[in-house]
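Asks: Sharing a structure here in structure tokens format.
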Amino acid sequence: MNRRSGVFSFMADDPLDATPRDGAVKLSDIYLFFWRRWLLIGLIFLAVVVVNGVMLMQIQPRYTATAEVTLVDPRQNSTPIADLLTGVPLSRQVVEQEIATMRSKAFMIEVVKRLGVDETSPMLKAGGPPPLPLRVLGSVKRFVSGLIRSKPAAGAAGKPSAASVPLPQTAPETEAAAQVLAGDMLQYGPAADRLAALLQIEQSGNGYGISLSAEAADPLFAAAIANAVAAEYPRFSLGLRSQAIEEQVQLLSGRVEELGHNLEEAETAVVDFQTRVAGVNQDNADRLNRQIENLGRALIEARTEIVTVEAQRLQVLELVAADGPAAASQVLDSPILNGLRLQLSGHRIERSRAAGQFGADAPQVAALDAVIARVKEEAALETARIVAEYETRASIASAVVASIEEKLTGLEQLVNARSRNMVELAKLRRIADANRIAYEEFLKVATESAQLKALQQPSVRLLSFAEVPQTPSAPRSLLRLAIAGVAGLAIGLGAALLLELTSNSIKTTRALRQATGLPVIGSLSHLRKKRAAQLLGRLGSGAQLPAAERTLVEEGRKLALFLSGAADRGRGTIVFTSALPGEGKAMTAALVAHALAARGQSVILVDAAQDSAKASRAPSPAAGDTEAAGPVPGGVVRSPAGYWFLSVAETARTGLDCLPDRWIETAVTSLADKYDYVLINTTPVLSLGNVSSFLRHADALVVASRWNATAQQTVETCIERLRDLRAQNIYAVMTGVKRRAERKYEYPGFMKTVKPWWKQT
């Protein structure tokens, strides 16, 4: 058998071999992506724009009128340090406070009163019903909110409501004002809510200007609402400021009276205390303080002496314990120790020389050892004397510390006894001074507040009234259409990218080769099932075929040419299979059988899958076209396409899964002896089929994979299964290739190498 050697040079139907590519994304990939998905992107873009246009047609036009006011506040002349302390520009703080007041429910009620309208007035009506998509979204939102909203507790029904809880006791005038406000809320509250929904209040630029914009379906209503708000707010603001100043004056007056009484009591307490403790002298207290300071410094010096002496003593003891008494000369300034250390060093040198000259047991060495021991003993005595001296100094310093501490204790008790009265006097004076300062400040503020009440002016000035708008302000059709277009493009691109990223089907012969590791020996064009059945019926009839069918027959001829070259001596058994059903293996086998028969070869197509009888078998043959049983199994009929056809299921008269391997081996051997080529169409590999029964008889195995339909993992699993079965001479074929779409997955030059079918006629 031919084992693939020398046949790959015949493969010329894959132009990708001439243009190797790396894994990076190139401009050509982006171009091909848009070429493949432009229709999807365009449809989504058009759908989004159309839906948005329909929604715009259902939205009622709205008109916006704007009035402008400015704030007059004495804090406008403040220094920039106020901005630095708060971190927020003072102008913005003032404007935000005024805007919050304008948006309050109380002010909206005053505007409703000025307009003389209620919640049923056409002036306060919103636009028409929202578009259908928004209504659907609102219904879904309410449904979901109802599902996740927590249910009230069982005992909550019996609990009193917030309105029924009694309010704390207040002044009669405050209680009357609260009752009036509650009545206004009950009567004008719904209308105020509708009015607030129609207003837009915001700061104009970075200054003290405020724009009041009202939106309504009627331009006259919009201008009326904006002008009413702009005219009513100065009066409302002046009333609030006057009320706040009145409350401030009352509060300050009561506080000033209380502070005056406290100041009188504090000054009386200071005079009484000075009369009672007149003998306190400040000079004596200062002298005692100086004595305490001197004793404190002496105490610090004595404790420092103790710490220093103890540290030196411990250091000497550590050196003696580690290196002997002579090592203490490193930290002690003792001439005796230094001399002993030099003698010891010299004696050790002489001993070393004597030991090297006379031996370690010589009398000279023993004499030097005695001298060294005596020197060490003298050094130990000197070191012990110095350590004892350190201990004496430490004892003396400890006695000094105890004496100083005793004196300090006595002086401190004396100072505390003499200065306690002075501390109490200073405390009383501070209290009196603090009360005096607070009294003066509150008195000043109360006086200024009383004067400000008489000079109070509105804090808002009207800059411009709202004019009647001539053109609607909403909806902004062009802007919304532009946004819809951008959103449609984004959604279309997202959907196209999602399809590209989630698609794992094989779309090119190069991808098929990489997934399977097999040579791709050809590809067959796509043809609808009805036309494919008609094509098989017209094969061999001599009728003129359409261009697309002629192209498919030519592709089958090229595939047959390769397979005939791959077989030995112009004979062989070729098995056709696929990973899953419906991948075109029956059509591939029929086209190859027709092409081989057209070359004068005797070909028989064996249907061992029961899925190709209708697709590859010709109509019932005429008399004389049926071969009798003999060495060849009965039931062989001749197709008009020129090849012989055998259905294994009809011949064996049993299911394919019940056929014994001996019967299959006998049938295939007898067919191979009589016919030049035996083409066997088997069941898919990944189903419970019989492909393994024919593998050992096959000279070549052709695996069909449908273009843009078979997943890469499926093909890889199929090839792994075949290799586990020790299949030899495996080839891959791409079927159902849509040539126009194929060019959208290849590199740009591919369309120049493959002519469309309409140019091949």
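The values are calculated or read from the model by the stated rules, or taken from the named source; none is laboratory data. This structure is a prediction, so every number in the text was calculated from the model and none was measured. FYI the Cβ positions are ideal-geometry reconstructions off the backbone, even for glycines, and counts take in every protein chain you see.
Asks: Hey, among the residues in the stretch 511-530 that are part of a helix (DSSP H, G or I) and among the small types (Gly, Ala, Ser), which one's nearest to Glu746 (Cα to Cα)?
Replies: Ala511
Asks: Among the listed residues Ala417, Ala402, Ala384, identify the single one that is modelled with pLDDT of 80 or more and small (Gly, Ala, Ser).
Replies: After applying the criteria, what remains is Ala402.
Asks: Only one of Thr392, Thr409 is assigned to a helix (DSSP H, G or I), under 30 Å from Gln312 (Cα atoms) and in the same structural domain as Arg313 (by TED's automatic domain parsing); which?
Replies: Of Thr392, Thr409, the one residue that is assigned to a helix (DSSP H, G or I), under 30 Å from Gln312 (Cα atoms) and in the same structural domain as Arg313 (by TED's automatic domain parsing) is Thr392.
Asks: For the stretch 547-560: of the residues being surrounded by 15 or more Cβ atoms within 10 Å (Cβ to Cβ) and farther than 16 Å from Arg599 by Cα, which is farthest from the chain's Cα centre (by Cα)?
Replies: Arg550
Asks: Tally time: how many residues in the stretch 453-482 are under 30 Å from Ala226 (Cβ atoms), free of Cβ contacts under 8 Å to residues at least 24 places away in the same chain and assigned to a helix (DSSP H, G or I)?
Replies: 3
Asks: Can I ask one more? In the stretch 26-60, how many residues are touching a residue at least 12 places away in the same chain (Cβ under 8 Å), assigned to a helix (DSSP H, G or I) and closer than 15 Å to Leu481 by Cβ?
Replies: 12
Asks: Residue pairs, Cβ under 8 Å, 6 or more apart or interchain, first in the stretch 698-712 and among the β-branched types (Val, Ile, Thr), second surrounded by fewer than 20 Cβ atoms within 10 Å (Cβ to Cβ) and part of a strand (DSSP E or B). List them.
Replies: Thr710/Ser505
Asks: While we're here: Looking at (1) out of contact with any helix residue (DSSP H, G or I) (no Cβ under 8 Å at 6 or more places or on another chain); (2) at pLDDT below 80; (3) of a type in the set (Gly, Ala, Ser), which is the one condition that is false for Ser473?
Replies: Ser473 satisfies every listed condition except (2).
Asks: Hey, another quick one. Does Leu263 satisfy the condition of being aliphatic (A, V, I, L, M) and either in the same structural domain as Gly116 (by TED's automatic domain parsing) or surrounded by fewer than 19 Cβ atoms within 10 Å (Cβ to Cβ) (or both)?
Replies: So Leu263 does not fit the description; no.
Asks: Check the stretch 453-468 and report whether any residue there is more than 30 Å from Ile730 (Cβ to Cβ) and among the β-branched types (Val, Ile, Thr).
Replies: yes
Asks: List the residue pairs whose Cβ atoms are under 6 Å apart, where the first residue sits in the stretch 296-319 and is within 18 Å of Glu382 (Cα to Cα), the second is outside any helix (DSSP H, G or I), and the two are 6 or more positions apart or on different chains.
Replies: Close Cβ pairs satisfying both conditions: Gln315/Val331.
Asks: Here is a check on your reading of the model: is Leu90 farther than 24 Å from Ser237 by Cβ, modelled with pLDDT under 80 and under 39 Å from the mean Cα position of the chain (by Cα)?
Replies: no
Asks: I'd like to verify a number: residues in the stretch 228-248 that are of a type in the set (Val, Ile, Thr) and touching a Pro at 6+ places or on another chain (Cβ under 6 Å), how many?
Replies: 0
Asks: Right, something else. Cβ-Cβ distance below 7 Å, separation of 6 or more or different chains: which pairs start in the stretch 586-599 with a residue that is closer than 14 Å to Leu524 by Cβ and end on one that is charged (D, E, K, R)?
Replies: From the stretch 586-599, the pairs are Ala586/Asp611; Ala595/Arg557.
Asks: Something else: Can you tell me which residue is nearest to Arg36 (Cα to Cα) among those in the stretch 675-699 that are modelled with pLDDT under 90 and not in a loop (DSSP other than H, G, I, E, B)?
Replies: Ranking the qualifying residues of the stretch 675-699, first place goes to Val691.
Asks: Right, another one. If I ask for residues that are surrounded by fewer than 16 Cβ atoms within 10 Å (Cβ to Cβ), at pLDDT 80 or above and among the polar types (S, T, N, Q), which ones from the stretch 168-203 would you list?
Replies: Within the stretch 168-203, Gln187, Gln200 meet the criteria.
Asks: Identify, please: which residue in the stretch 423-434 is farther than 8 Å from Phe273 by Cβ and touching a helix residue (DSSP H, G or I) at 6+ places or on another chain (Cβ under 7 Å) and is, among those, surrounded by the most Cβ atoms within 10 Å (Cβ to Cβ)?
Replies: Across the stretch 423-434, the extreme among qualifying residues is Ala432.
Asks: Just checking, how many residues over the stretch 700-718 are buried (at least 21 other Cβ atoms within 10 Å of the Cβ) and not in a helix (DSSP H, G or I)?
Replies: Qualifying residue count for the region: 9.
Asks: Evaluate the following for Tyr208: is it of a type in the set (Phe, Trp, Tyr), closer than 30 Å to Thr64 by Cα, at pLDDT 85 or above and surrounded by 10 or more Cβ atoms within 10 Å (Cβ to Cβ)?
Replies: So Tyr208 does not fit the description; no.
Asks: If you don't mind, another one. Read through the list (1) small (Gly, Ala, Ser); (2) out of contact with any Ser or Thr (no Cβ under 8 Å at 6 or more places or on another chain); (3) modelled with pLDDT of 75 or more, then give the number of the only condition that Gly127 fails.
Replies: Going through (1) small (Gly, Ala, Ser); (2) out of contact with any Ser or Thr (no Cβ under 8 Å at 6 or more places or on another chain); (3) modelled with pLDDT of 75 or more one by one, Gly127 breaks only (3).
Asks: Search the stretch 496-510 for residues being small (Gly, Ala, Ser) and not in a strand (DSSP E or B), and hand back the single one that is farthest from Leu701 (Cα to Cα).
Replies: Ala496
Asks: Now for a separate question. Could you tell me whether Val553 is over 26 Å from Ile664 (Cβ atoms) and not in a loop (DSSP other than H, G, I, E, B)?
Replies: Yes.
Asks: Could you say whether any residue in the stretch 679-693 is over 57 Å from the mean Cα position of the chain (by Cα) and either buried (at least 21 other Cβ atoms within 10 Å of the Cβ) or acidic (Asp, Glu) (or both)?
Replies: yes
Asks: Sticking with this one: Looking at Thr710, Thr654, which is the one that is at pLDDT below 85 and either β-branched (Val, Ile, Thr) or in contact with a Ser or Thr (Cβ under 9 Å, 6 or more places away or on another chain) (or both)?
Replies: From the options Thr710, Thr654, the qualifying one is Thr654.
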